[in-house]
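Here's the structure, in structure tokens; my notes come after.
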Amino acid sequence: MSEPSFSADDLPFGLERRPAVRLRRLRRTEALRRAVRETRLHPAQFIWPLFVRSGQGLRTPIGSMPGVYQTSVDELLKDAQRAVDAEIGGILLFGIPDHKDSVGSSAWDPHGPVAEAVRAVKQAFPSLLVITDVCMCEYTDHGHCGVLTSEGDVDNDATLELLAREALAHVEAGADMVAPSDMMDHRIARLRDELDDAGYSHIPIMSYAAKYASAFYGPFREAAESTPAFGDRRSYQMDPANAREALREVQLDVTEGADILMVKPAGAYLDIIAAVKRDTGLPLAAYQVSGEYSMIKAAAERGWIDGDRAMMESLVAIARAGADLIITYFALDAAAALRAR
Ligand code: PBG
């Protein structure tokens, strides 16, 4: 048996014994790395989720989300000031009502926490982008994202009417954009009609288009006090195993008039972000959810990872996959890190 013999001619172009191609050349200094960097983060991409409730001087920490609070409107205004100073893209408001019932009637209360917060923030900071989350789960006593049938299922079409009232209440209070997160079928069309009929055809809708039934929402449910009292959300949120179905969800929302699409969660769904980006020309948001945030925070607290680096790496990965906007509890920290570079 003869020894195999190699010559440079057998090797593909670029892999001669003295190769011309050396990818490390462009990694040698920070100046070179910076010059050829393909993805750049900017504070304007970040949307900061905030939790508001009634009261005065309230700033209650969320145990499972270090650095995240439920606040009253007066305290929320301080966060809005921070958002303006950090020049981030905007804020996304979630409300915790005083009163929950089976139909979530506080959701469209013109004096509920979200409506009051929107009015106060828009008055103090007219140019800050204020988006509101539209969903029933914070407002229903059973914690599901809609009203229930007598069998205990979430009633899709009955829920659409309530979501429309909620969205209109937020927009009447001055919200710049609404973001429905309930995952009912045809809610974009219903909200579009409601807003248009009321004279708000200029208000955009950011659709949580592909939202998965995810374990990564755990800490949020403490923050928003929205854990379902029974069952789970798998009959309306998507199965984490499905990618083609995400494109159907997205197409439906595009047809119904969504202005911005969202994929949620972000980090475990980068393939979905990339596919939605490829398939549509619409602006795309990705929601780095509570569990993604808390995992990085918890590991960093234990000294198991470098929290700042993990934060920036997780965000640049989401942007690299194709997200234009990133909804993240790291919004202020990441903006500060970018400024410090
Ligand atoms: C409400 C809603 C949820 C989140 C955003 N809107 C929770 C859920 O669907 O259970 C999760 C956000 C997060 O985990 O940070 N429907």
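The values are calculated or read from the model by the stated rules, or taken from the named source; none is laboratory data. All values derive from a computational prediction rather than experimental measurement. Backbone-built Cβ (ideal geometry, glycine too); neighbour counts: all protein chains shown. Accessible surface is based on the protein model in full, side chains and every heavy atom, while ligands, DNA and RNA are left aside. Shrake-Rupley method; radii C 1.70, N 1.55, O 1.52, S 1.80 Å.
Per the listing 172, 116, the residue uniquely in a helix (DSSP H, G or I) and more than 20 Å from residue 193 (Cβ to Cβ) is 116. Within segment 120-149, the set of residues being closer than 26 Å to residue 189 by Cα and away from the ligand (no atom under 15 Å from the Cβ) comprises 129, 130, 148, 149.
Based on this model, can you work out whether residue 259 counts as within 30 Å of residue 159 (Cα to Cα), open to solvent by 50 Å² or more (accessible area, probe 1.4 Å), in contact with a Pro (Cβ under 8 Å, 6 or more places away or on another chain) and of a type outside the set (A, V, I, L, M)? Answer is yes for this residue.
If you go through segment 52-83 and keep only what is assigned to a strand (DSSP E or B) and in contact (Cβ under 8 Å) with a residue 24 or more places away in the chain, you end up with 52, 53, 70.
The number of residues in segment 185-226 that are at pLDDT below 95 and either on the phi > 0 side of the Ramachandran plot or out of contact with any helix residue (DSSP H, G or I) (no Cβ under 7 Å at 6 or more places or on another chain) (or both) comes to 5. Across segment 130-165, the number of residues qualifying as in contact with a Phe, Trp or Tyr (Cβ under 7 Å, 6 or more places away or on another chain) and open to solvent by less than 10 Å² (accessible area, probe 1.4 Å) comes to 3.
The one condition from (1) within 21 Å of the chain's Cα centre (by Cα); (2) of a type in the set (A, V, I, L, M, F, W, C); (3) in a loop (DSSP other than H, G, I, E, B) that residue 103 does not meet is (1).
Identify, from the list 307, 303, 281, the residue that is small (Gly, Ala, Ser), open to solvent by 10 Å² or more (accessible area, probe 1.4 Å) and on the phi > 0 side of the Ramachandran plot. Show your work before the answer.
On the way: 307 fails: on the phi > 0 side of the Ramachandran plot; 281 fails: on the phi > 0 side of the Ramachandran plot.
That would be 303, the only listed residue that is small (Gly, Ala, Ser), open to solvent by 10 Å² or more (accessible area, probe 1.4 Å) and on the phi > 0 side of the Ramachandran plot.
The numbered conditions (1) in contact with a strand residue (DSSP E or B) (Cβ under 9 Å, 6 or more places away or on another chain); (2) more than 10 Å from the ligand (Cβ to nearest atom); (3) of a type outside the set (Ser, Thr, Tyr); (4) at pLDDT 95 or above are all true for residue 244 except (1). Within segment 313-341, the set of residues being open to solvent by less than 20 Å² (accessible area, probe 1.4 Å) and not small (Gly, Ala, Ser) comprises 315, 318, 326, 327, 328, 329, 330.
When residue 185 is tested against (1) buried (at least 24 other Cβ atoms within 10 Å of the Cβ); (2) outside any helix (DSSP H, G or I), just one condition goes unmet, and that condition is (1). Can you tell which of 233, 165, 221 is under 22 Å from residue 143 (Cα atoms) and part of a loop (DSSP other than H, G, I, E, B)? Residue meeting the stated conditions: 233.
Looking at segment 195-231 only, could you name the residues that are among the charged types (D, E, K, R) and crowded, with 21+ Cβ neighbours inside 10 Å? It would help to see each step written out before you state the result.
Just the residues of segment 195-231 that are among the charged types (D, E, K, R), to begin with: 196-197, 211, 221-222, 225.
Within segment 195-231, 211 is the sole residue that qualifies.
Six or more apart or on different chains, Cβ under 7 Å: which pairs go from a residue in segment 206-234 that's without any contact (Cβ under 8 Å) to a residue 40 or more places away in the chain to one that's near the ligand (Cβ under 7 Å from one of its atoms) and among the polar types (S, T, N, Q)? Could you list them? Correct list of pairs: 213/237. Taking segment 290-316, which residues are away from the ligand (no atom under 16 Å from the Cβ), free of Cβ contacts under 8 Å to residues at least 60 places away in the same chain and of a type outside the set (Lys, Arg)? Passing the criteria: 299, 300, 303, 304, 305, 306, 307, 308, 310, 313.
Scanning segment 317-341 for residues that are within 13 Å of the ligand (Cβ to nearest atom) and over 17 Å from residue 66 (Cβ atoms) gives 326, 327.
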